[in-house]
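Below: the structure, in structure tokens.
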Amino acid sequence: MTTPAQPEAIEALLKEGRRFPPPPAFAAQANAKPGIYEEAADAEAWWTGWARKLEWSKPFTQGLVWNEPFATWFADGELNASVNALDRHVRNGLASRVAYYYEGEPGDRWTVTYGELLDAVCRFANGLRKLGVKKGDRVAIYMPMIVELPIAMLACARIGAAHSVIFGGFAPDAIVDRVNDSECVALITADQGWRRGKKVPLKANCDEAVAKGMPSLKHVIVAKRVGDPVDMVAGRDHWWDDVVKDQPSTCEPERMNAEDLLFLLYTSGTTAKPKGIKHTTGGYLTGVTATHKLVFDLKEEADVYWCAADIGWVTGHSYIVYGPLCNGASSVLYEGTPDFPDKDRLWEIVDRYKVTILYTAPTAIRTFMKWGTAYVDKHDMTSLRLLGSVGEPINPEAWMWYHTHIGGGRCPVVDTWWQTETGAIMITPLPGITTLKPGSATKPFPGIGVDILDEAGNSVPLGGGGYIVLTKPWPAMMRGIYGDDARYKETYWSRFPHKYLAGDGCNRDIDGDYWFMGRIDDVMNISGHRISTAEVESALVDHPDVAEAAVVGKSDDVTGQAIAAFVSLKSHANGTPELADELRDHVSHILGKFVHPKYLTFTQELPKTRSGKIMRRLLRDIAEGRMLGDTTTLADSSVVAELQSRAVEEANKEE
Ligand code: WTA
């Protein structure tokens, strides 16, 4: 096991002594009541109770069927995700409740009610059907944060096609890989998107991707966001407006089995090939509605809830789209970044919509800290009553700043640990019940089984750390990797028998509270984005001047980790600063702009063991500027000395 955080840092973290018991007024009104953990002692019965709150066109009689490592939940039941997100509320008289307060980056804003959203979803679903998209197909979605994105997802769900959302920051190669892996029949995009006042060429990226070869793809559907002309290929490309034109605003939903695929979401693993994580309908909706209701203490008739993530990642799927809509919440949907047009944009939005619940990431919080409190103080933040954090470990300083300056000292902070694979929040405080500790995600959600294991697979007693594992199946768990059961078993279920390996290092204190320490595999976490070292390495060696590359994550005050690349060049090339920049851009060109190596060190050779394996531990130590351990297994120890002195030179070179 590698230790991502330095031992001294872990020790300091565990000495964190501040405690925040639930404010009595909050506890008195909280959704989570004392006794909730005992209530969930029979996990299957607990989850079944939550599943029954959904609307089933055919009620289920089965609970969990566990055929390790494959689970089914409620497998003889039928339901439709879009009906649960929309029709149900409209039928219950909530057609005029706001589903989304939409805030575009350029400042355009409007509200979309549940009634309007249902109409729009039905019309688009009818349009998709007319194009020939049908139950069982896969549809890729590559869009900016506009209302058409959740509409597209729900329309797919309505007609039984699984969506595969591709984050709008990805480059064309990433679209090709994802569309081809699951043989998508359609790709839904927008002409362009807005980012910090600049136009992002989404449709052009799709065209570049299609040109690389997508044999399964029949249709590209283009929503108009920016309005500049884009190339349209007759027969293949369709404007969104034409697809929905003359379509009725009702659409018979497909009856989906609880275990039918709802969506795929690709995530980085330890190889260069991303994994298509499978989520099915009944269990996933059960998990996200239960967690959304309890973790965020949602009062759907009163709260204005805002998850400031991107729908392109799992946080947006579960906590902007499915969880909030199934619970009938009113959410803010914001297209842009926190610093455009100025660094108070988020606080302006909190003030404008009187946001009560805010869910964001530690990397954003650390950035706000750097910018200073003046931006916050310009706005009335008193509507906030609960704050959430997700994506990476939150350091106690960032937690305290969030609690003090955003939450005014009165809002509980829920640090929520989970993954694309888990579908829903797994470890989290329950506001109103849990005593909070800055830097700790505290306790497993009711019904979730967790343990910490050592190298040998023994449970580590309270007060120790190791590999975090999940010990029993849960409804929102991934159902596998698309087209690759063997990789599913190997990645998650082979390291320890009968336990799900999450890939994170974690300590558990004597109260049983969990403190996350970062990944223990070759996955980096840059600003809450999961990026595999192998993906970046393969993008680097794709450049004609590069012979070999090794990539590690290096701790970073703002982004959590930053990419540190070590590159050896082919003999014709020179390691100039210009080439370093060219290589950084090359990586961004292949993987997307959000992937950009901050540190890039040229070296004659990479340090390798005698058997030829790159010594990543050593590179990590060099990147962190730590003392080196024993390096005698190295083939050529002069490599280390050279690398170390270079790394020191590069380390201060900020972007
Ligand atoms: C990390 C995001 C510590 C972790 C929901 C996990 C966290 C990976 C936390 C999943 C947290 C997420 N504390 N680490 N509260 N939340 N992580 O799939 O390393 O994009 O394995 O899902 O993010 O990232 P993913």
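Values quoted throughout were computed directly from the atomic coordinates according to the rules given, and no laboratory measurement underlies them. Because the structure is predicted, anything quoted here is derived from the model rather than measured. Note that each Cβ is placed from the backbone with ideal geometry, even for glycine, and that neighbours are counted across all protein chains shown.
Helices in the chain, meaning DSSP H runs of at least 4 residues, each add -39500 (n - 2.57). Divided by all residues, the mean residue ellipticity at 222 nm is -8000 deg cm²/dmol. The alpha-carbon of Lys58 sits under 26 angstrom from the alpha-carbons of these lysines, leaving out residues fewer than 8 places away in its chain: Lys134, Lys135, Lys278, Lys293. Ordering Val226, Gly269, Leu285 by Cα displacement along the dipole of segment 186-303 toward the positive end leaves Gly269 in first place; charges were set at the Cβ atoms of Lys, Arg (+1) and Asp, Glu (-1).
Taking Cα centre as origin and charging only the Cβ of basic (Lys, Arg, +1) and acidic (Asp, Glu, -1) residues, the dipole magnitude of the chain rounds to 1100 debye.
The residue among Ala211, Ile510, Met256 whose Cα reaches farthest toward the positive pole of the charge dipole of the chain, with charges on the beta-carbon of Lys, Arg, Asp and Glu, is Met256.
Checking Cβ-Cβ separations below 4.7 Å across the chain identifies Cys156, Cys184, Cys206, Cys307, Cys326, Cys411, Cys506 as cysteines lacking any candidate disulfide partner. Within the straight-line cut-off of under 18 Å between alpha carbons, the aspartates and glutamates reachable from Lys203 are Glu148, Asp173, Asp177, Asp191, Asp228, Asp231, Asp237, Asp241, Asp242, Glu335, sequence neighbours fewer than 8 places apart in one chain being disregarded. Please give the Cα centre distance for segment 126-177 versus segment 184-210, rounded to the nearest Å. Each part reduced to its Cα centre gives a spacing of 13 Å. Segment 554-614 and segment 346-394 have Cα centres spaced 34 Å apart. Ranking Pro150, Ser571, Tyr482 by Cα position along the charge dipole of the chain, where only Lys, Arg, Asp and Glu carry charges on their C-beta atoms, puts Pro150 farthest toward the positive end. Sequentially through segment 341-347, phi angles give Karplus couplings (6.51, -1.76, 1.60; θ = phi - 60°) of x, 9, 6, 10, 4, 5, 6 Hz, Gly and Pro residues having no value and appearing as x. The per residue volume of the convex hull around the alpha-carbon atoms of the chain is 153 Å³.
Pairs of C-alpha atoms in segment 248-329 farther apart than 16 Å represent 61 percent of all such pairs.
Scoring 372-382, 222-232 by mean Cβ neighbours within 10 Å over their residues and listing the highest first yields 222-232, 372-382. Kirkwood hydrodynamic radius computed over segment 395-502 comes to 15.6 Å, based on all pairs of distinct alpha carbons. In a simple Cβ point-charge model (Lys, Arg +1; Asp, Glu -1; nothing else charged), segment 206-324 has a dipole of about 500 debye relative to its Cα centre.
Every Cα-Cα pair of segment 523-641 was included, and the share exceeding 20 Å stands at 40 percent.
Under 5 Å from the amide H of Ser389 lie the amide H atoms of Thr360, Val414, Asp415, Thr416, each residue being 5 or more positions distant or on a separate chain, with H modelled from the backbone and absent for Pro and chain starts. Here segment 451-607 is assigned +1 on the Cβ of each Lys and Arg and -1 on the Cβ of each Asp and Glu. Its dipole about the Cα centre then comes out at about 480 debye. Couplings for segment 508-524, taken from phi via the Karplus curve 6.51 cos²θ - 1.76 cosθ + 1.60 with θ = phi - 60°, read 10, 7, 5, 8, x, 8, 9, 10, 7, 10, x, 6, 10, 10, 8, 9, 9 Hz in order; Gly and Pro are left as x.
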